[in-house]
1. Which numbered condition in (1) out of contact with any helix residue (DSSP H, G or I) (no Cβ under 7 Å at 6 or more places or on another chain); (2) at pLDDT 95 or above; (3) surrounded by 12 or more Cβ atoms within 10 Å (Cβ to Cβ); (4) closer than 30 Å to residue 40 by Cα is the only one that residue 131 fails?
2. Cβ-Cβ below 7 Å, separation at least six or inter-chain, first residue in the stretch 23-37 and without any contact (Cβ under 8 Å) to a residue 60 or more places away in the chain, second assigned to a helix (DSSP H, G or I): which pairs?
3. Look through the stretch 21-34, keep the residues that are under 11 Å from the mean Cα position of the chain (by Cα) and assigned to a helix (DSSP H, G or I), and return whichever of them is modelled with the lowest pLDDT.
4. Can you tell me which residue is surrounded by the most Cβ atoms within 10 Å (Cβ to Cβ) among those in the stretch 60-88 that are part of a loop (DSSP other than H, G, I, E, B) and modelled with pLDDT under 95?
5. Here is a check on your reading of the model: is residue 43 exposed (fewer than 12 other Cβ atoms within 10 Å of the Cβ) and either closer than 25 Å to residue 136 by Cβ or at pLDDT below 90 (or both)?
6. Would you call residue 11 touching a strand residue (DSSP E or B) at 6+ places or on another chain (Cβ under 9 Å), at pLDDT below 90 and either assigned to a helix (DSSP H, G or I) or exposed (fewer than 13 other Cβ atoms within 10 Å of the Cβ) (or both)?
7. Does the stretch 128-137 hold any residues that are under 12 Å from residue 56 (Cα atoms) and touching a residue at least 24 places away in the same chain (Cβ under 8 Å), and which are they?
8. Considering only residues that are closer than 16 Å to residue 58 by Cβ and more than 15 Å from the chain's Cα centre (by Cα), which ones fall in the stretch 93-125?
């Protein structure tokens, strides 16, 4: 699934971070921190205004097939096996809610919003799971 295509974005309109399952992991948060530094370094060309971080998962994601490999998933999320169920690996709606919560807990910037979406690969429809919500400082 190509997030830019699903969201109707043209080249250069958004920074897209892709990984297995589109999940927010500690590695994803580290990548986002690095991207924030790139943005700071390019402040002269940075357009001020609000940013919307979009968490986009999809129906029938291959990530659900990994539920049979809990050790691998726990390592991927950098958590214990006991905490894995809370990641809602087999449920795209639940996983979007989980990942939006991870963003809310880890990103503190007043000019940011976070939105959680699920794409239905059969119908081509995008469903809003978590409407745009302002992050707090």
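The values are calculated or read from the model by the stated rules, or taken from the named source; none is laboratory data. What you are looking at is a predicted structure, and each value in this text was computed from that prediction instead of being measured. Neighbour counts are summed over all protein chains in view; Cβ atoms, including those assigned to glycine, are modelled from backbone coordinates with ideal geometry.
1. Of everything listed in (1) out of contact with any helix residue (DSSP H, G or I) (no Cβ under 7 Å at 6 or more places or on another chain); (2) at pLDDT 95 or above; (3) surrounded by 12 or more Cβ atoms within 10 Å (Cβ to Cβ); (4) closer than 30 Å to residue 40 by Cα, residue 131 misses just condition (3).
2. 25/76; 25/77
3. Here is the first cut: in the stretch 21-34, the residues under 11 Å from the mean Cα position of the chain (by Cα) are 21-25, 28-29, 32.
Filter once more, keeping what is assigned to a helix (DSSP H, G or I): 21-22, 28-29, 32.
Details: 21: 92, 22: 92, 28: 94, 29: 92, 32: 86.
Here the residue is 32.
4. Kept after step one, since they are part of a loop (DSSP other than H, G, I, E, B), are these residues of the stretch 60-88: 60-61, 69, 78-80, 88.
From the residues that got through so far, the ones that are modelled with pLDDT under 95 too are 60-61.
Numbers: 60: 13, 61: 21.
The selected residue is 61.
5. Details: exposed (fewer than 12 other Cβ atoms within 10 Å of the Cβ): yes; either closer than 25 Å to residue 136 by Cβ or at pLDDT below 90 (or both): yes.
In short, yes.
6. Working: touching a strand residue (DSSP E or B) at 6+ places or on another chain (Cβ under 9 Å): no; at pLDDT below 90: yes; either assigned to a helix (DSSP H, G or I) or exposed (fewer than 13 other Cβ atoms within 10 Å of the Cβ) (or both): yes.
In short, no.
7. Matches in the stretch 128-137: 129, 130.
8. Kept after step one, since they are closer than 16 Å to residue 58 by Cβ, are these residues of the stretch 93-125: 93-100, 115-125.
120, 121, 122, 123, 124, 125, listed by residue number.
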